[in-house]
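Working notes for the structure below.
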Amino acid sequence: MAETRTPLSPGMRMLIDFGPLAVFFLVNSYAPGLQIQRIMTATVAFMVAMAVAMGLSWWKARHISPMLWITGALVLVFGSLTLWFHDQSFIQMKPTIVYTMFAVILGYGLIAKKPLLQMLLETAYPGLSAKGWRLLTINWTGFFVAMAILNEVMRQVLSWDQWVTFKTWAVIPLTLVFAMLNIPMLLKHGLQLEKPEDTPLPPEG
């Protein structure tokens, strides 16, 4: 018997993809104690929130996307390293690793002419032509490379609290704006959605 999947609403996708980052920001902002204590507390909260997000995805859709699996696994690994070594550099490096992995995966798909973005996002763009998928893959690959570089620069020049603010209040808007900028191209190449703005986003890096 085939597995039944229930499509997630745009709001639920946003909650699953960006909710853990919001928890990370809030706990870091309001947890008591010295900075290192807040870092540890926020990291634990981030790891728990990511696990909850993955569980919510399974509960609502009976499925966890490949991108969410990758992100969740790296949050667990780099969060654990942060807690073990008491060094925030690990959790700050996590977005760089996530973005780089996605860029490499999509870049390989372009070279090998395999629709890996379709595999990662899973049927999210009904009607989109093969050329549209290729252009979208090129765009997201470039975006991931740029975000990996940007995260590395920001974690070097910003304080911890400034970096957390950047991660929450700059990265999410940048991702949303970039997704919106792709919509005219998607429509030109066959996208068939009543609300094109509801096209899904990759999870938070």
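The values are calculated or read from the model by the stated rules, or taken from the named source; none is laboratory data. None of these values were measured; they are calculated from a predicted model. Note that each Cβ is placed from the backbone with ideal geometry, even for glycine, and that neighbours are counted across all protein chains shown. Heads up: the accessible areas ignore ligands, DNA and RNA and are worked out on the full protein's heavy atoms, side chains in. Shrake-Rupley method; radii C 1.70, N 1.55, O 1.52, S 1.80 Å.
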Gyration tensor on Cα atoms of segment 1-120, a ≥ b ≥ c root eigenvalues, a/c under 1.5 rounded, else prolate if a/b beats b/c, else oblate, says oblate
Here segment 141-152 yields Karplus 3J(HN,Hα) values (6.51, -1.76, 1.60; θ = phi - 60°; whole Hz; Gly and Pro given as x) of 4, x, 4, 5, 4, 4, 5, 4, 5, 4, 4, 4
Carbon/sulfur accessible area of the chain, % of total, 1.4 Å probe, equals 70
FRET efficiency for L76 and R134 from the Cβ-Cβ distance with R0 = 41 Å, rounded to 0.05, comes out at 0.80
Rounded to the nearest 10 degrees, the helix 66-85 long axis (Cα) sits at an angle to the longest Cα principal axis of the chain of 10
A correct Kirkwood calculation over the Cα atoms of segment 70-160 returns a hydrodynamic radius in Å of 14.5
Quick note, the chain: a/c under 1.5 would make it rounded; otherwise a/b > b/c is prolate and the rest oblate (a ≥ b ≥ c, C-alpha gyration tensor); here it is prolate
To the nearest 10 degrees, the tilt of helix 10-30 (Cα long axis) against the first principal axis of the alpha carbons of the chain is 10
Taking Cα atoms only, helix 160-169 is inclined relative to the longest principal axis of the chain by an angle, in degrees rounded to 10, of 30
For segment 61-115, inverting the pair-averaged 1/r of distinct alpha-carbon atoms gives a Kirkwood value in Å of 12.5
Once Lys and Arg are counted +1 and Asp and Glu -1 for all other residues with Cβ under 15 Å from that of Y108, the total becomes +3
Relative contact order as a percentage, the chain, C-alpha pairs under 8 Å and 6+ apart, gives 24
